[in-house]
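First the structure, in the form of structure tokens, and then the observations on it.
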Amino acid sequence: MLYKIYPDSPDQRKIKQIVDILEKGGVIIYPTDTVYAFGCSLMNKRAIERLAKLKDSKMKHANFSIVFYDLSSLADYTKAIDRPTYKILNKNLPGPFTFILEASARIPKLFETNKKTVGIRIPNHKIVQEIVRQLGHPLVTGSLHDEDAILEYSTDPDMIFEKWNNMVDAIIDGGYGKKEPSTVVDLSGDELTIIRQGIGELQL
């Protein structure tokens with residue numbers, strides 16, 4: 001089903017319908033401050049498995065990120081964040097970044113993996129922010145586009161609906177998506193490393 005939601009003033013009734021779908025194990029496609037993305041509840045393992053299949057990946061190899069409402073709940077899913085790292089996060093989020101941090105012990109259990117790191121996102125987009133706020137916990141997310149290209153079918157909501165309608169439980173039309181991905185910044189080691197330069201210009 002296609003839900004038209006305006007980013008500037010998200011319809012709370014429609015947001016609640018999306019949250020209900022997520023709570024029941026649904027997988028959605030939603031807009032972000034970069035490209036459109038798949039999303040599901042972090043608390044529903046079956047939904048995460050569905051998401052992995054949609055991304056054509058096994059759970060332990062899936063390269064998902066987690067979408068938060070704000071920085072306050074990061075501590076549940078990441079190891080202790082030092083002050084310099086927190087300052088970088090605080091200066092750049094919400095924004096078009098994926099930050100890679102050291103994962104807490106919960107992440108391997110959730111994703112059936114040995115991964116020691118986790119990607120975190122706090123998009124600067126009211127629709128996503130409202131969904132995560134009402135849901136009360138983070139989303140698991142994966143970009144809609146192929147790794148090597150962002151094509152029109154992954155930025156145009158009508159084309160997204162035509163391609164994915166039968167494979168997901170809800171698609172949110174929040175207008176055209178951008179054609180640049182997030183900037184990926186690795187903060188898990190001793191030195192900051194920009195893994196992928198996307199739309200976000202890092203502020204230090």
Restricted to the chain, the DSSP antiparallel beta bridge percent, nearest 5, is 60 percent
Give the dimensionless ratio obtained when the Cα radius of gyration of the chain is divided by 2.2 N^0.38 Å.
0.95
Output the pairs from Lys126/Lys178; Lys79/Lys163; Lys45/Lys179; Lys55/Lys126 with a Cα-Cα distance over 27 Å in this structure; if there are none, say none.
Lys79/Lys163; Lys45/Lys179
At a Förster distance of 25 Å, what's the computed FRET efficiency of Lys116 paired with Ser73, Cβ-Cβ distance as r, to 0.05?
0.80
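Calculate for the chain the 222 nm mean residue ellipticity that helices alone would give, adding -39,500 (n - 2.57) per DSSP H run of length 4 or more and normalising by residue count, nearest 500 deg cm²/dmol.
Mean residue ellipticity at 222 nm (helix-derived): -8000 deg cm²/dmol.
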Expressed as a whole-number percentage, the relative contact order of the chain with C-alpha contacts under 8 angstrom and at least six residues apart is 33 percent
Under the 0.36 nm per residue contour assumption, what length would be gained going from the current alpha-carbon distance of Asp158 and Arg106 to full extension?
15.0 nm
Scalar couplings 3J(HN,Hα) for the range 24-32 by Karplus 6.51 cos²θ - 1.76 cosθ + 1.60 (θ = phi - 60°), nearest whole Hz, x for Gly and Pro, are 8, x, x, 10, 10, 10, 9, x, 10
GNM top mover of Glu162, Glu102, Glu23 - the chain, alpha-carbon springs below 10 Å:
Glu162
Residues Lys179 and Lys24, FRET efficiency given R0 of 30 Å [Cβ-Cβ distance, rounded to 0.05]
0.40
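Just so you know, all these numbers are worked out from the coordinates, no wet-lab data involved. These figures come from a predicted structure and were not determined experimentally. Neighbour counts are summed over all protein chains in view; Cβ atoms, including those assigned to glycine, are modelled from backbone coordinates with ideal geometry.
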